[in-house]
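Okay, so here's the structure we're looking at.
The values are calculated or read from the model by the stated rules, or taken from the named source; none is laboratory data. Every value quoted in this text rests on a predicted model; they were computed, and no experiment measured them. FYI the Cβ positions are ideal-geometry reconstructions off the backbone, even for glycines, and counts take in every protein chain you see. The protein model used for the area step is the full one, side chains on, heavy atoms only, and it has no ligands, DNA or RNA in it. Shrake-Rupley method; radii C 1.70, N 1.55, O 1.52, S 1.80 Å.
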Amino acid sequence: MGVIEIKNLTKNYGKARGIVNVNLTVEEGEVFGFIGPNGAGKSTTIRTLLGLIHPTTGTATIFGKSCRVAPEVRKDVGYLPSEVFYYDRMRVMDLLMYSASFYKKDCKRRIYELAEVMDLDLTKKIDNLSFGNKKKVGIVQGLLHEPKLIILDEPTSGLDPLMQQRFFDLIDQENKKGATVFFSSHILGEVQRLCHRVAFIKDGAIIQLEKVSTLQENNYKRIKLQARGPVTNELFKFEGVADLKVANNTATFIFKGNINPMMRTLATLDLENVSIVEPDLEEIFMQYYSKES
Amino acid sequence: MNMYRHELQSLRKATVIWTVAMIALAGLYFGIYSTVVKDAAGFTQILNSYPASVRAALGVSIANITSMMGYYAIIYTLIALCAAIQAMIYGTSILSKESRERTADFLLVKPVSRSAIVSAKLLASLSMLVLTDVVYFLAALVLAELVKGAAFSVEGFLLLNLTILFLQLIFLAIGLAISVFFARLKNVLPISLGVVLGFYILGALIATGDNGSARYLSPFRYFDAQYIIAHSSYELSYLWISTAIVAVGVGLSYIVYGRKDVHSVS
């Protein structure tokens, strides 16, 4: 049984599209990436999973239970929303203790540890915190009860690169301790770094689900070449070429498929320079999307 | 318990302000009571020059205006209005503030049911309203004892003031029930004042129509001060309708809030 199981999940917002027939299983101990542009349905999926919104049809369960039917399953869940808002008049420590009071265990030591790592001042009023610092409160708040499932919705916005690094280290540590992580983002670099598997969502539907290693290792090459003579579009008109840009003597594109015919084509050219590299997920992703739309 | 304590904390300041304001308002009126008694004839004359409907709307009864209870009926009308506004604001804001202040994503993903959240918030509001009423009642009693000319019935005084709590329960329930139908209630003040003042004015308009069934239209006419003073009891049918309104309002709030979709802030 998966930690998260989403089956045929559909959510309609009146006439507007929410999500359509989403199916996902996240296994225990996995770091699962959920990728898509803004408005694709990432938050809708997560909010349905957490019981914040009702599915139109289908089910979304955590540890085998729906949050709507059994709200207590959320005791093992830590959630960091994309935008964090807390009770403005409270002090950071009071808010964190209030949060801890829902979990029936002593979280004080963990709060201090996390605040230390994230460099968060516990005595300040929430009202006086910058966006980035509020985000840190959110991170500590989401992790203080050592949840078995961590759900992150666009977690890094507002954090400076140093804090992003510390945050990823924290998530990595929690994962090594056994926590399952479900991570939504539109920044692919993040996902590439952390996740084992990744699902792409677009216009409310999952369009691809793959292992990050598969995505990176096998399929895709970013090819960039510079020839001594002019290069034409026709030369690269075969299956698997995407994002083709030809200008004068140079051409760049992403290639997916059997590399041999491609190499034979390249060999017919009088080349000045060529580079064949692993594209990052972002490029693969962009290519996939431009093909779809 | 943690949610209940948190909500009490959040209502503390408002409750202090409301209580002080209500006591101050009553104090102001009690302060001029001795003058009214001294110049009873002149005062009655002035009130007599008002149309009967205005007098009825203000809760004034010429017959016993100079008795402590008769005079207090005027104060009661104002205090009841304040108390109803307070209760309505608590009702409309206590659940809706989580969406308004965007803290729903914090509270509603905790391992507690929506019903438990409604219960904690309802109980906290109720506690604060009862506290307001108890403190107000004691202060009003002391003030009345200080300025009274002749003895008055403390029992009647209690019975009359208890209806302030009944009115508050009604408006708390109405406020809650209204608030759960909004995806995000941006500002609770216009709707709270609008509904309470609307019922108040409606009550004033039908005040002259004695015991007709029109009285059912406004909670402000459910508890008639003159009747309570004269009979030392309530009119049963209006207690029933009050109970029904509270039950329906609260029940509706649990059901609708339990099923509500909580959308993201952006």
Among residues of the range A:98-122 being open to solvent by less than 70 Å² (accessible area, probe 1.4 Å) and within 14 Å of chain B (Cβ to nearest Cβ), the residue nearest to A:P155 (Cα to Cα) is A:S99
### Query
Somewhere in the range B:179-198, is a residue among the charged types (D, E, K, R) and crowded, with 21+ Cβ neighbours inside 10 Å?
no
Taking the range B:5-24 and keeping only residues that are crowded, with 16+ Cβ neighbours inside 10 Å and either over 30 Å from A:Y86 (Cα atoms) or within 14 Å of chain A (Cβ to nearest Cβ) (or both), one is left with B:H6, B:E7, B:L8, B:S10, B:L11, B:M22, B:I23
Wholly inside the range A:113-227, strands (runs of 3 or more DSSP E) that include 3 or more residues that are among the charged types (D, E, K, R) are A:220-227
Checking B:Y238, B:Y257 in turn, the sole residue that is within 14 Å of chain A (Cβ to nearest Cβ), open to solvent by less than 30 Å² (accessible area, probe 1.4 Å) and in a helix (DSSP H, G or I) turns out to be B:Y257
Any residue in the range A:89-96 that is under 24 Å from the mean Cα position of the chain (by Cα) and assigned to a loop (DSSP other than H, G, I, E, B)? no
Report task. Would you confirm whether any residue within the range B:171-181 is farther than 29 Å from B:P51 by Cβ, of a type in the set (A, V, I, L, M) and either part of a loop (DSSP other than H, G, I, E, B) or free of Cβ contacts under 8 Å to residues at least 60 places away in the same chain (or both)? Result -> yes
Note on the range A:53-98: residues within 26 Å of A:L129 (Cα to Cα) and aliphatic (A, V, I, L, M) are A:V77, A:L80, A:V84, A:M90, A:V92, A:M93, A:L95, A:L96, A:M97
Does A:E30 satisfy the criteria of being open to solvent by less than 60 Å² (accessible area, probe 1.4 Å) and away from chain B (no Cβ under 12 Å)? yes
Heads up, the helices (runs of 4 or more DSSP H) in the range B:45-156 (entirely inside) with at least 1 residues that are open to solvent by 10 Å² or more (accessible area, probe 1.4 Å) and within 14 Å of chain A (Cβ to nearest Cβ) are B:68-100, B:104-107, B:114-147
Scanning the range A:35-70 residue by residue, those farther than 16 Å from A:I151 by Cα and either assigned to a helix (DSSP H, G or I) or facing chain B (nearest Cβ under 8 Å) (or both) turn out to be A:H54
Output for Cβ contacts, cut-off 7 Å, separation at least six or different chains, first residue farther than 13 Å from A:D169 by Cβ in the range A:111-123, second open to solvent by less than 70 Å² (accessible area, probe 1.4 Å) and not aliphatic (A, V, I, L, M), reads A:L120/A:N133; A:L120/A:K136
The residue that is nearest to the chain's Cα centre (by Cα), considering only those in the range A:247-269 that are in a strand (DSSP E or B) and surrounded by fewer than 17 Cβ atoms within 10 Å (Cβ to Cβ), is A:T252
Going through the range A:142-182 in order, the residues found to be within 17 Å of B:L108 (Cα to Cα) and open to solvent by 10 Å² or more (accessible area, probe 1.4 Å) are none
